[in-house]
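Trainee: Just dropping this structure here.
The values are calculated or read from the model by the stated rules, or taken from the named source; none is laboratory data. Since the structure is predicted, the reported quantities are computational estimates derived from the model, not experimental observations. Virtual Cβ from ideal backbone geometry, glycine too; neighbours counted across all protein chains shown. Surface accessibility is based on the protein's heavy atoms, side chains included, excluding ligands, DNA and RNA. Shrake-Rupley method; radii C 1.70, N 1.55, O 1.52, S 1.80 Å.
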Amino acid sequence: MNPAPAFPPTPMIPVQAGGAARSRSAAFIFSRSYRKAGFMDFVIGFLIAVVIALTGVGAGVITAPLLILFLHVPVEIAVSTALAYSAIVKLIVVPVQVLRRQIDYRVLGFMLIGGLPGVIIGSIAFKHIAIHGPRSVLYFTLGAIILFTSGWHIFRHFKSAGIARPVKDRSRLIGAIMFPIGAEVGFSSSGAGALGTVALLGMTDLSATRVIGTDLAFGLAIAVVGTGVHIIGGHYAGPLLLRLAIGGIVGGIVGTSAAPKIPNRNLRLALSLWLTVIGVQFCYQAASK
């Protein structure tokens, strides 16, 4: 068994004060100073795509923390940009699932009945909190979702049998579960992959491949809608997203080519443990303010 790779130490998280003026000021200062940035955007976009290809961990749960911790992007811009980046990544992956016929459109329809209203409401709530505060809520929510997602991957590592499948299909009820999941994605940009997979495994009799394909299609739909609401709210960094996307395309090609040669199970565990530390730090920093 190969040893788990080491990850860089986690920087401290600056939790900023709330208020409309503070939110606008942070976005303005970031947009002015960000002209000097560039290369690190490509690198982070590249690394995120490589990690996604190698481990299967979702884009949303990785992107926002990296933007906040290493590029010092304000949380409202980081979450919105991460959501848009997640949509771009899924836009590349989902057509493959369509061609392979790994999407159950009936179940997807039930999921979207609850997920689409949820992501709209969550995105509106995010905009309100980002402007009026307390902004520590954004950090705490993001940390909690990171903890759940990393915990889910750690659980799957040590208990590969996973969740017991239902005797009776209950997919008609899945829309009610997708409403809070959609709201959470709109509010934090992450969690659709892990939470959606848990719901599909526990409430449908879909095969593993169709669970993955259907959940990816659901994630794409709510990410696109949520991104639209975030753009309307003004929390958006176009140049940053463009650089992340370019790096991500290259990273996706490299990661997909390298995946068969790398023990992704151990890499996924190491990444999940590192994300757990980040999630705890987000929650602690938010609670201490």
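Trainee: Of the cross-linked pairs 90/261; 90/127; 127/168, which ones have a Cα-Cα span greater than 32 Å in the structure shown?
Mentor: The answer is 127/168.
Trainee: In addition: Share of segment 214-289's accessible area from carbon and sulfur, percent, 1.4 Å?
Mentor: 73
Trainee: Another question about this same structure. Assuming 0.36 nm per residue, please report the length gained on full extension of the stretch residue 176 to residue 209 beyond their Cα-Cα distance.
Mentor: 9.6 nm
Trainee: Ordered by packing density, taken as the mean number of other Cβ atoms within 10 Å over each peptide's residues, highest first, how do 116-124, 245-253 rank?
Mentor: Packing proxy ranking, top to bottom: 116-124, 245-253.
Trainee: Describe numerically, in nm with one decimal, the distance between label points set 7 Å from Cα along Cα→Cβ at residue 258 and at residue 137.
Mentor: 4.0
Trainee: To continue, here is another question. Grab the beta carbon distance between residue 266 and residue 106, set R0 = 45 Å, and tell me the FRET efficiency rounded to 0.05.
Mentor: The pair residue 266/residue 106 has a calculated efficiency of 0.75.
Trainee: Using a basic spin-label model with each label point 7 Å from the Cα along Cα→Cβ, how many nm lie between residue 232 and residue 287?
Mentor: Placing both labels 7 Å along Cα→Cβ, they lie 3.6 nm apart.
Trainee: Given R₀ = 30 Å, what would the calculated FRET efficiency be for residue 128 paired with residue 47, taking r from the Cβ atoms and rounding to 0.05?
Mentor: 0.40
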